[in-house]
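Undergrad: First the structure, which I've put down as C-alpha cells, then a few questions once you've had a look.
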Amino acid sequence: MTESAIERLRFNDDGLIPAVVQDGRSGEVLMIAYMNRESLKKTLKKGETYFWSRSRQEMWHKGETSGNTQRVTEIRYDCDADALLVRVEQKGVACHTGEYSCFHRTLPGGDDTSAPGHASFGETLGVLARRIHQRNLDRPEGSYTAKLLKGGIDRILKKIGEESGEVIIAAKNHAPREITWEVADLMYHLLVMMEHEGIPLGDVGAVLQERVKDAHGDSRVPGT
C-alpha cells in the first residue's frame, strides 16, 4: 500500500479505520482493532502490526510485551475504502485469553452449523493447515505429520497417490461413508504437501473464489 492509497482511505471522524486481522496461511480471522494514519504508516514501514488504542489514546505494537507479534504479508481495503483487511503471519496466539483467535466463542441459535463447537468446513481446514505448519516448525518426536514432512516431497506425493487411488475405489463402490473418509485422508495429505511447498491455504481459496465468480458468467471453468 502506497502513500497515495492511504490518502484514498476513508477514516472516521476520530481519524480511525477498522482493521480485520486474518491469518494469511489458514484464512482464520484473528482479531479486529483500529488504526489511524500514523499506526498504518508504521505498520507498513516496520512490517508488523501497530494499532491505535481508543481507551488509552495511544499507539500500540501487537506483541510488544507478549512476543505474539504479527508479520504483515498483505493489506487490502474494501470497496468503500473504510475498512482494512490485514493478512499476517501470527507468532504465538492473537488473543489475550490464550486462544489463537479472538473469535473463539459462538452465539447460540441458528442451524446446527452455528452451534458452539461446530466449526465450518473452511474453519476446520484453516485450523488443520495451521497445526500442520506448527508440526513443521516443532518436528515433535512421534508425530506422523512431522515424519511425512521430514521424509520430503517424494514421500508425501506417494501418499497423495495412494489416497487418490483409495478415493477412486470408494467412489466406484458407491460407498458414501468410505468416500467421506478417503476424501478427508486425501485432503490432509494435500495440506501436508502445500506446507512442504510453502503454499498458504488462502492462495488456493483465492483461486476458488475466482472460479466461483467465473461460474456465474459464460466462461468455462475447470470443475464447474
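Read the figures in this text as sums done on the coordinates, not as results from a lab. Since the model is a prediction, treat every value here as computed from it, not as a measurement. Using ideal geometry, Cβ is built from the backbone for each residue, glycine included, and neighbour counts are taken over all protein chains shown.
Undergrad: Within the chain, what is the longest stretch that has no GluC sites (Glu not before Pro) placed in a DSSP loop and near at most 12 other beta-carbon atoms within 10 Å? Please list the in-between numbers first.
TA: Details: sites that count: Glu64, Glu141.
Value returned for the longest uninterrupted segment is 142-224.
Undergrad: Running a GNM on the chain with Cα contacts under 10 Å, which residue among Pro200, Pro108, Pro18 ends up with the highest mean-square fluctuation?
TA: Sorting by GNM fluctuation, first place goes to Pro108.
Undergrad: Assign one of three labels to the chain, namely rounded, prolate or oblate, based on the Cα gyration tensor with a ≥ b ≥ c the square roots of its eigenvalues; rounded applies when a/c is under 1.5, prolate when it is not and a/b is larger than b/c, and oblate otherwise.
TA: Values: a/c = 2.01, a/b = 1.66, b/c = 1.21.
Prolate, because a/c is 1.5 or more and a/b exceeds b/c.
Undergrad: Scan the chain and report its longest stretch carrying no trypsin sites (Lys or Arg not before Pro) that are both in a DSSP loop and have at most 12 other Cβ atoms within 10 Å. All intermediate terms of the calculation are to be shown ahead of the outcome.
TA: Working: sites that count: Arg10, Arg54, Arg56, Arg105, Arg220.
Formally, the longest exposed-site-free interval is 106-219.
Undergrad: Rounded to the nearest whole Å³, what is the per residue volume of the convex hull around the Cα atoms of the range 112-215? Provide the component values of the computation, followed by the final result.
TA: Working: hull volume 15.6 nm³, N = 104.
Value for the range 112-215: 150 Å³ per residue.
Undergrad: Something else now. Using Cβ contacts closer than 10 Å as the measure, can you line up Trp52, Trp60 from fewest to most? Mind dumping the intermediate values first?
TA: Numbers: Trp52 22, Trp60 15.
In order of increasing Cβ crowding within 10 Å: Trp60, Trp52.
Undergrad: How would you rank Ser39, Ser164, going from fewest to most other Cβ atoms within 10 Å of each one's own Cβ? Before the final figure, lay out each step's value.
TA: Working: Ser39 23, Ser164 15.
So the residues, fewest neighbours to most, are Ser164, Ser39.
Undergrad: What angle do you read, to the nearest 10 degrees and between 0 and 90, between the alpha-carbon axis of helix 176-197 and the longest principal axis of the chain?
TA: Tilt of helix 176-197: around 50 degrees.
Undergrad: Arrange the following residues from fewest to most other Cβ atoms within 10 Å of their Cβ: Cys102, Cys79.
TA: Numbers: Cys102 17, Cys79 6.
The order, fewest Cβ neighbours first, is Cys79, Cys102.
Undergrad: OK, next. Cysteines without a disulfide-compatible partner in the chain, using Cβ under 4.7 Å as the rule?
TA: Here Cys79 come out as lacking a disulfide-compatible partner, given the Cβ-Cβ threshold of under 4.7 Å.
Undergrad: Mind pulling the angle between the C-alpha long axis of helix 201-215 and the longest principal axis of the chain? Nearest 10 degrees, somewhere in 0 to 90.
TA: The answer is roughly 80 degrees.
Undergrad: Starting from the Cα gyration tensor of the range 3-90, take the square roots of the eigenvalues, sort them a ≥ b ≥ c, and report rounded, prolate or oblate (rounded when a/c is under 1.5, otherwise prolate if a/b is larger than b/c, else oblate). It would help to have the intermediate numbers written out before the result.
TA: Details: a/c = 1.63, a/b = 1.18, b/c = 1.38.
Judged from the Cα gyration tensor, the range 3-90 comes out oblate (a/c at least 1.5, b/c at or above a/b).
Undergrad: Any idea what the dipole of the chain comes to, in debye rounded to 20, about its Cα centre with Lys/Arg Cβ at +1 and Asp/Glu Cβ at -1? Walk me through the numbers before you get to the answer.
TA: Values: 30 positive and 34 negative charges, 126 e Å.
In debye, rounded to 20, the chain gives about 600.
Undergrad: Okay, moving on. With the cut-off at 1.5 for a/c, could you classify the range 122-180 from its C-alpha gyration tensor as rounded, prolate or oblate?
TA: oblate
Undergrad: If I fit a long axis through the Cα atoms of helix 153-172 and take the longest principal axis of the Cα atoms of the chain, what angle between them do I get, 0 to 90°, rounded to 10?
TA: It is inclined by approximately 60 degrees.
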